Amino acid sequence: MSFVLDKISMVENPIAETSQIAEQLEKKGNQILRFSIGDPAAYFKTPEYILSAYKLALENHKTAYSDWKGNEGLRSAVASRYKDLYNVEYTSDIVQITQGVSEALQFINMSLIEKNTTAVIIAPFFTQYLPYILMEGGKPILTFHDFSNNWNIDTESLKEKIKNAGKNKPKYILVTNPNNPTGTVPSEKSLKEVVEIAKDNDIFLISDEIYDEILYKGIKFTSVSSLAKGVPHMILNGASKNLIATGFRIGFCITPENDKKSISLRNSISILSNSRLSANTPSQYAVAEGISNKEEHKKALKDFIDKVEKRSSLSYKLSQESEFLKAVKPTSAFYLFPQIDLNILKINTDKDFVELLLKEEYLQVIRGSGFGMPGFIRMVTLPSEEKITEAFSRIERFCKRHKK
Ligand SMILES: Cc1ncc(COP(=O)(O)O)c(C=O)c1O
């Protein structure tokens, strides 16, 4: 028997996988074009006013543990944010501050999943959703976003899968709104259907809305917070993407309803938060300012979205020009998720495609199978337009070389 438990081997991270190859290539002196990590702060700067608030917190010696639930100032700021954006009445006591949405997801799965428990995730999904379920011994029920329908949620297959689960009813349905890796926003209609399905089947609904302000011009977004009144649900969000502050490690975990499930999950997350003492204290002050200073936030966000939208449009245009790629036009976040036409290539899988592309063209993208969708690749649209153009020309050269 090995010293470390087998469950650790379930933490497969397709992003880390290619990073190891990239590092080896770099050690040999090659320069890698990185289109792999969805980290806006690695390409853009965290806004100055947020950095100033962080520095001020340090100068004022705000360096002790915070309340394990999070600073009251930040929790109230989060509650107000939901009133401002979605006209829902939240109070600070339903908001738990976590160390990123990642930690909230760990706490949720620790609270709800044990051996053979099921939970619904919708492919393609954010890479971390799967290992957190598997680590607890749970069994994911995979349903799908429909590529042929602008990546909207396939609610028919969702209903079917829940019905087929029979007595082993899923503990939760997890939606990502807007979505990583597709960079698209599910329609209000499909979200309403999901809310109805959760309600009819008495299944807890979780909506990860970490990209909810990164919306391209004219795009309509509906938060589950404004649709799920009266239905047991949770909203996840945080500072990483909307505030370009990934390294601050701040997430918001909101449980608005007061039914039995919501109350017990809220309590469980509070207990688990208490067991790790506190989230980063200066970060919480900085993020409270990040949200509350609406004027500065609006300016920073506009500047960021203007650039990202241009880069996403260019990425989409270049993918359309390729005979090897086919994608849905991104409407939010900073990703393009094209299908690769493996029928016309001498390459069998997306995994092989990604590895060979990295080794031969020094371009790092992520395999779609890591997001539950084989045959696709995920590219971030954060690098400069020049780099995006270069990346697509490398893909084109690579595909032509490997054409059947
Ligand atoms: C959909 C989604 N949820 C959660 C996360 C992780 O967020 P955090 O930095 O708050 O842990 C990411 C990061 O890429 C994401 O894309």
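Only the coordinates and a few stated rules stand behind these numbers; no lab work does. None of the values given here were measured: they were computed from a predicted structure. Here the Cβ positions follow ideal geometry from the backbone for every residue, glycine too, while neighbour counts run over all protein chains shown.
Tabulated results
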read-out: Computed helical MRE - 222 nm, the chain, DSSP H runs ≥ 4 contributing -39500 (n - 2.57), nearest 500; value: -13500 deg cm²/dmol
read-out: Rounded FRET efficiency, nearest 0.05, which uses the C-beta distance separating Asp259 from Ser313 and R0 of 41 Å; value: 0.45
read-out: Net lengthening on full extension, Glu17/Ser2 (0.36 nm per residue, minus Cα-Cα); value: 3.2 nm
read-out: Inter-site label distance for Lys139 and Glu188 at 7 Å from Cα along Cβ, in nm; value: 3.8
read-out: Per residue Cα convex hull volume in Å³ - calculated over the chain; value: 160
read-out: Rel. contact order, % - alpha carbon contacts under 8 angstrom, at least six apart, the chain; value: 23
read-out: Per-selection metrics, the stretch 303-404 (Cα): Rg and Dmax in Å; value: 12.9, 44
read-out: Paramagnetic label zone (point 7 Å from Cα along Cα-to-C-beta, Lys359; backbone N under 17 Å) in the stretch 389-404; value: 398-399, 401-403
read-out: Percent of alpha-carbon pairs separated by more than 13 Å within the stretch 156-216; value: 64
read-out: Among beta bridges that DSSP assigns inside the chain, antiparallel share in %, nearest 5; value: 50
read-out: Global geometry of the stretch 6-139, whether rounded, prolate or oblate, following the gyration tensor of its Cα atoms and the 1.5 cut on a/c; value: oblate
read-out: Potential extension, Leu25-Leu85 segment - 0.36 nm per residue separation minus Cα distance; value: 17.1 nm
read-out: Proxy reagent accessibility, fewest Cβ within 10 Å first, across Ser92, Ser332; value: Ser92, Ser332
read-out: Extension gain (nm, one decimal) between Tyr49 and Asn116, 0.36 nm per residue minus Cα-Cα; value: 19.4 nm
read-out: Asp202 paired with Glu323, simple spin-label distance in nm, labels 7 Å along Cα-to-beta-carbon; value: 5.7
read-out: Relative contact order of the stretch 316-404, pairs being alpha-carbon contacts under 8 Å that are 6 or more residues apart, as %; value: 29
read-out: For the stretch 65-292, projected area of the alpha-carbon convex hull averaged over all directions, nm²; value: 11.5
read-out: Sites Asp146 and Ser226 - FRET efficiency at Förster radius 30 Å, r taken between beta-carbons, to 0.05; value: 0.80
read-out: Reachable lysines from Lys307, criterion Cα separation under 18 angstrom, eight or more residues apart if same chain; value: Lys45, Lys217, Lys241, Lys298, Lys299, Lys317, Lys329, Lys387
read-out: Protection proxy ranking of 138-145, 386-393, 164-171 - average other beta-carbon atoms within 10 Å, highest first; value: 138-145, 386-393, 164-171
read-out: Interchain or long-range residues, amide H under 5 Å from Asn152's placed H; value: Asp146
read-out: Listed residues Ile113, Ile50, Ile219, most fluctuating in the chain (Gaussian network, C-alpha, under 10 Å); value: Ile219
read-out: Kirkwood-Stokes translational diffusion coefficient of the stretch 52-113, alpha-carbon pairs, 10 °C, 1.306 mPa s, µm²/s; value: 118
read-out: Cβ-based charge dipole, the chain, positive-most Cα from Ile235, Ile347, Ser2; value: Ile347
read-out: 5 angstrom amide H check on Thr98, placed H, neighbours 5+ away; value: Gly251, Phe252, Cys253
read-out: Set of lysines near Lys199 by C-alpha distance (under 21 Å), chain-local residues within fewer than 8 positions excluded; value: Lys159, Lys161, Lys163, Lys167, Lys169, Lys171, Lys189, Lys229, Lys260, Lys261
read-out: Centre separation in Å (Cα based) which lies between the stretch 228-244 and the stretch 5-54; value: 24
